[in-house]
Amino acid sequence: MLELNYLRNMQESDLDWVLQIEQQAYDFPWSRQGFENSLDQGLNYIFCNADGEDIGYACVLTVLDEAHLLNLCIAPKFQGRGLGKQALQKLQGKLKESDFNIMFLEVRVSNDAALKVYERCGFNRDGVRPNYYSCHEWDEAKGALIETKEDAILMSCPL
Ligand SMILES: CC(C)(COP(=O)(O)OP(=O)(O)OC[C@H]1O[C@@H](n2cnc3c(N)ncnc32)[C@H](O)[C@@H]1OP(=O)(O)O)[C@@H](O)C(=O)NCCC(=O)NCCS
């Protein structure tokens, strides 16, 4: 099994790599401005393997003792090998050490991989935000992808 070794703070100089992975990993990627805002306002990390290679990243917005996970991403070439779970566990440890008491997040109802990772890491389902995310859906009649909406599942985990 591949091992995630450590996390480090994300820097402005990481953004070219982060944006490249973001565009590969998401249908609706964050912009550079989104990451710049996050660097100004939140806690942002890069996950690395034993060789010091970057394998993913996370963006967290904090409010008092609450940590809101806004983005968790493993580079596509490393996905499905247990690294998402290890990354989230490392992040939970780091936030706990820093005296945060609870984590919150929102996830697309269709994102099976993320839901599995979150549930494996102790997150509970608290509710649903209807039609929260934009998504693409195949429209048979039009023979084309159309933009529509999908629900978000709200989750939390005590630290
Ligand atoms: C979601 C994401 C972080 C998960 O990371 P990952 O490294 O691929 O996941 P892991 O290999 O650690 O898998 C953890 C668990 O999920 C399961 N899983 C992985 N991919 C899955 C899939 N497509 N469908 C269902 N289960 C899946 C694994 O089997 C594993 O379960 P197990 O503990 O029972 O073995 C990663 O796929 C990713 O970055 N996706 C794109 C960005 C994204 O959607 N981020 C989440 C935004 S809320």
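One line per residue, one yes/no per condition, for (1) touching a residue at least 24 places away in the same chain (Cβ under 8 Å); (2) loosely packed, with under 13 Cβ neighbours inside 10 Å; (3) assigned to a strand (DSSP E or B):
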site	(1), (2), (3)
86	yes, no, no
91	yes, no, no
95	yes, no, no
125	yes, no, yes
133	yes, no, yes
148	no, yes, yes
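Matching residues to (1) among the aromatic types (Phe, Trp, Tyr); (2) under 19 Å from residue 24 (Cβ atoms); (3) modelled with pLDDT of 95 or more; (4) within 14 Å of the chain's Cα centre (by Cα):
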position: 77; (1), (2), (3), (4): no, yes, yes, no
position: 98; (1), (2), (3), (4): no, no, yes, no
position: 128; (1), (2), (3), (4): no, no, yes, no
position: 147; (1), (2), (3), (4): no, no, no, no
position: 152; (1), (2), (3), (4): no, no, yes, yes
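So which residues in the range 84-96 are of a type in the set (Lys, Arg) and over 13 Å from the mean Cα position of the chain (by Cα)?
Answer for the range 84-96, where residues must be of a type in the set (Lys, Arg) and over 13 Å from the mean Cα position of the chain (by Cα): 90, 94, 96.
Condition check ((1) buried (at least 18 other Cβ atoms within 10 Å of the Cβ); (2) of a type outside the set (Phe, Trp, Tyr); (3) farther than 25 Å from residue 4 by Cα) across all residues:
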residue: 31; (1), (2), (3): no, yes, yes
residue: 35; (1), (2), (3): yes, no, no
residue: 45; (1), (2), (3): yes, no, no
residue: 50; (1), (2), (3): no, yes, no
residue: 54; (1), (2), (3): no, yes, no
residue: 57; (1), (2), (3): yes, no, no
residue: 63; (1), (2), (3): no, yes, yes
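Pick out the one residue from 84, 34, 93 that is at pLDDT 95 or above and within 8 Å of the ligand (Cβ to nearest atom).
Matching residue, one of 84, 34, 93: 84.
Check every one of the strands (runs of 3 or more DSSP E) wholly within the range 1-84 and list those with 3 or more residues that are of a type outside the set (S, T, N, Q) and within 21 Å of residue 108 (Cα to Cα).
54-63, 66-74
The values are calculated or read from the model by the stated rules, or taken from the named source; none is laboratory data. Since the model is a prediction, treat every value here as computed from it, not as a measurement. Cβ: placed from backbone, ideal geometry, glycine included. Neighbour counts: every protein chain shown.
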